[in-house]
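The values are calculated or read from the model by the stated rules, or taken from the named source; none is laboratory data. Every value quoted in this text rests on a predicted model; they were computed, and no experiment measured them. Positions of Cβ are backbone-derived with ideal geometry, glycine not excepted, and every protein chain shown enters the neighbour counts. Only protein heavy atoms, including side chains, enter the accessible area calculation; ligands, DNA and RNA are left aside. Shrake-Rupley method; radii C 1.70, N 1.55, O 1.52, S 1.80 Å.
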Amino acid sequence: LEVFRQLNCLAEAVGLSGPRSNLKKDMCLLDGERFELVVVGEFSRGKSTFVNAMLGRRILPTNSKPTTAIISKIVYGETPKFVLHYKNGDSKEIDEDKFIKLVAPKETDETKSEKFKKFLHFQESLDKIDYAEVQYPLTFCRDNVEVVDTPGTNDLNAGRIEITYKYLNQADAVIMLLAADQALTASEEEFLKARIMGNQIRDIFFVVNGRDKLGGSSIEEERVMNFVRENLQELEGLSGNLRLYLLSSRQALLFRRSAAGE
């Protein structure tokens, strides 16, 4: 898009009205294009921490317990902003505190009855939301790249899991998070076959997260990666260019925040 802007300025400088008109049309088409990078994985695979590490900011709330309750879509914005988009087409800007409460609700000391009533009310509110948009001045997202953080693929809520599937169906690329200490479970293999390979998604990256949990043992790291690689290569359509990585999202995020002076 920046190249097109430069060409447009050049065409204007030399008085080429015809090419300028064509360039403007192409710029509008490009500006409307979106590249959706969807991050998936079961609960507690560290998806939100991974997204934070990739973006170099602690934007999405994280916890040792399952947190992501709704779809969070990170897009470029000049200033930080949080917007809820509802299934009926409405949208509403909220503050960061409310966003965190929606995405990662905290446990309380209330009775089971009180908790259940609040849960029903909370779930009713969540079911009306399509997704939460997080606008942030991130270079990674500047050229219409959207990063989508999804609830766990083993979510029991039918509405949320269907939303995850909807984003998978329109994804330009997928990053699937696996756990180093529980790599590639049977349910993860089933999800891969049914929802990723079944939808002909080929641009997929596998991230084995939690390298720090392997105790720094190169032998253990190699064993885990060989296990994942061998099992993935048995799946139809994945035997060729397998993009597989081992890392620690937590350590990567700490490093990037430290490098940024946080």
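Filtering segment 201-244 to residues that are loosely packed, with under 15 Cβ neighbours inside 10 Å, over 20 Å from Asp181 (Cβ atoms) and in contact (Cβ under 8 Å) with a residue 24 or more places away in the chain leaves Arg202, Asp203, Leu235, Glu236, Gly237, Leu242, Arg243.
Looking across segment 190-206, the residues that are in a helix (DSSP H, G or I), within 15 Å of Gln233 (Cα to Cα) and in contact with a Leu (Cβ under 8 Å, 6 or more places away or on another chain) come down to Leu192, Lys193, Ile196, Met197. If you go through segment 35-53 and keep only what is surrounded by fewer than 24 Cβ atoms within 10 Å (Cβ to Cβ) and charged (D, E, K, R), you end up with Glu36, Glu42.
Within segment 169-189, restricting attention to residues that are within 19 Å of Val224 (Cα to Cα) and among the charged types (D, E, K, R), the residue that is least open to solvent (accessible area, probe 1.4 Å) is Glu188. Could you list all residues from segment 130-179 that are at pLDDT 85 or above and in contact with a Pro (Cβ under 6 Å, 6 or more places away or on another chain)? Hit for segment 130-179 is Tyr136, nothing else.
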